[in-house]
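Quick notes on the structure that follows.
The values are calculated or read from the model by the stated rules, or taken from the named source; none is laboratory data. For clarity, every value in this text was computed on a predicted model and none was experimentally measured. For neighbour counting, all protein chains shown are included, and Cβ atoms are generated from backbone atoms with ideal geometry for every residue, glycine included. Surface areas here come from the heavy atoms of the whole protein model, side chains and all, with no ligands, DNA or RNA. Shrake-Rupley method; radii C 1.70, N 1.55, O 1.52, S 1.80 Å.
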Amino acid sequence: MEHVDIAVIGGGQSGLATAHALLRQGMAPVVLEASDRAAGSWPRYYDNLTLFSPARYSALPGPPFPGDPDRYPHRDEVVAYLTAYAARLDADIRTGRRVTAVRRVADGGFELDLQGGERLRARGVVAASGSFGRPHRPAFPGLEAFDGTLLHAADYRNPAPFAGQRVIVVGAGNSAVQIAAELGEVAQVTLATRASVKFARQHIFGRDLHLWLAVTGLDTAPLGLLLRRPPAQPVLDDGRYRAALRSGRPDRRPLFTGADGAKVTWADGSREEVGAVVLATGYRPDLPYLAQLDGALDAAGYPQHRGGAALTLPGLEFVGLEWQRSLSSNSLRGVSRDADRAARRLAAYLNRD
């Protein structure tokens, strides 16, 4: 069985930032990525996804995001950036390595099972598989009997298959609004939400919001250590999305109250036939490989940690969780700060003797 210092599970933005931080601490991480390239979940997002942060705020430590620093990169640009970043990183990155289980061993280290029968022994482990691997599909009234197309935003790619259809997008976040607005160009679309959509201005006094988040310190404030539940983040808008809602493309309504066959029932009692429902309802941590590691996860599968450090398992760190420490913890612009903290804690743990 191969023995390594640190096994980093996940080769997307969180895993790459962690590998960079560990190398700076003099350690030799092995990055285990389930897919065929080190780009995380980005290649699987919808075609027209556009970052809400400018390129200058969307880079990992080291090389800046190429091109105009004030533009808002698209999905494929992020994929290309992460792929190039991984190629330049002097780390052992192994693609096609899906971790299926992590166990504690007698010497205080960890044993990892990989799909296909391979095993590794590691002195420390970083769970950096991110927050985007497990689409959240809440139970909505009647959807189990809905006969139309039902999919999560994770499976949505572009508007073409929905042209001319009646479509409902469920959700009030950035992805929900972005998807509903682009669908509204080719279909009759409703954005169904439990409450009104909260917007934040993309630009304030002519400068992008992310500048002000950095200047005021709000982007890095350790609010995640104080919050019991992560708050919903507003939709960043330069005016186009509010204009789309005002024009009714999409329109916004309270969540439907039921569904039967191809019809849904609205709160006012009206019923109509719908071709598709898109659930833009977010994601949950995707950490099934930690299920056998007592104390790593709670009953709902959420990591038990403080600021990324496992509460009862020294040598286990989390990176890339939503509100792990701050507003920017699971973003390209902020993940490196949490990765640095995790790397320093692991270096201290491994060198404690």
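Sort the following peptides by mean Cβ neighbour count (other Cβ atoms within 10 Å, averaged over residues), highest first: 13-19, 190-196.
Numbers: 13-19: 30.7, 190-196: 17.7.
The peptides rank, most packed first, as 13-19, 190-196.
Label sites at Arg344 and Asp68, each approximated as a point 7 angstrom past Cα along Cα to Cβ, lie 3.8 nm apart.
Sequence-ordered 3J(HN,Hα) estimates for the stretch 196-201 from the Karplus curve with 6.51, -1.76 and 1.60 and θ = phi - 60° stand at 5, 6, 9, 10, 10, 5 Hz, glycine and proline given as x.
Report for the stretch 90-249 the percent antiparallel among DSSP-assigned beta bridges with both residues inside it, nearest 5. Show your work: numbers first, answer last.
Details: 11 of 19 bridges.
Expressed as a percentage, antiparallel bridges in the stretch 90-249 total about 60.
The spacing between the stretch 9-47 and the stretch 177-212, judged by their C-alpha centroids, is 30 Å.
Each of His136 and Arg207 was given a label point 7 Å from its Cα along the Cα-to-Cβ line. The distance between the two points is 3.3 nm. Amide H contacts of Gln165 (H built 1.01 Å from N, in plane; Pro and chain starts excluded): Gln188 sit under 5 Å, all sequence-distant by 5 or more or on other chains. Backbone geometry of the stretch 332-337 corresponds, through the Karplus equation with coefficients 6.51, -1.76 and 1.60 at θ = phi - 60°, to 3J(HN,Hα) couplings of 4, 6, x, 5, 5, 5 Hz, x marking Gly and Pro. Rounded to the nearest 500, the helix-only mean residue ellipticity at 222 nm of the chain stands at -6000 deg cm²/dmol, with each DSSP H run of n ≥ 4 adding -39,500 (n - 2.57).
Using a probe of 1.4 angstrom, how much of the accessible area of the chain is carbon and sulfur, in percent?
Values: 8040 of 16120 Å².
Whole-percent figure for carbon plus sulfur exposure: 50.
The value of relative contact order for the stretch 12-163, using C-alpha pairs under 8 Å at least six residues apart, is 28 percent. The protection proxy used here, the mean number of other Cβ atoms lying within 10 Å of each residue, ranks peptides 113-125, 237-249 as follows, highest first: 113-125, 237-249.
Relative contact order for the stretch 161-297: what percent, with Cα pairs under 8 Å and sequence separation of 6 or more? Provide the component values of the computation, followed by the final result.
Working: 195 pairs, mean separation 44.9, N = 137.
Value for the stretch 161-297: 33 percent.
Relative contact order of the chain, taken over Cα pairs closer than 8 Å and 6 or more residues apart, is 23 percent. Put the Cα centre of the stretch 74-126 next to the Cα centre of the stretch 271-336 and the gap is 17 Å. Simple spin-label estimate for Leu255 and Arg98 gives 3.1 nm between the two label positions (7 Å along the Cα-to-Cβ direction from each Cα).
Applying the Karplus relation 6.51 cos²θ - 1.76 cosθ + 1.60 with θ = phi - 60° to the stretch 16-23 yields 3J(HN,Hα) values of 5, 4, 5, 4, 4, 5, 5, 4 Hz, where x marks Gly and Pro. Taking a ≥ b ≥ c as the square roots of the eigenvalues of the Cα gyration tensor, the stretch 26-183 is classed as oblate, since a/c reaches at least 1.5 and a/b does not exceed b/c.
Global dimensions of the chain from alpha-carbon coordinates: Rg and Dmax equal 21.4, 70 Å. Take Gln233, project a point 7 Å from its Cα along the Cβ direction, then tell me which residues of the stretch 112-149 have their backbone nitrogen under 16 Å from it. So the set is 130-133.
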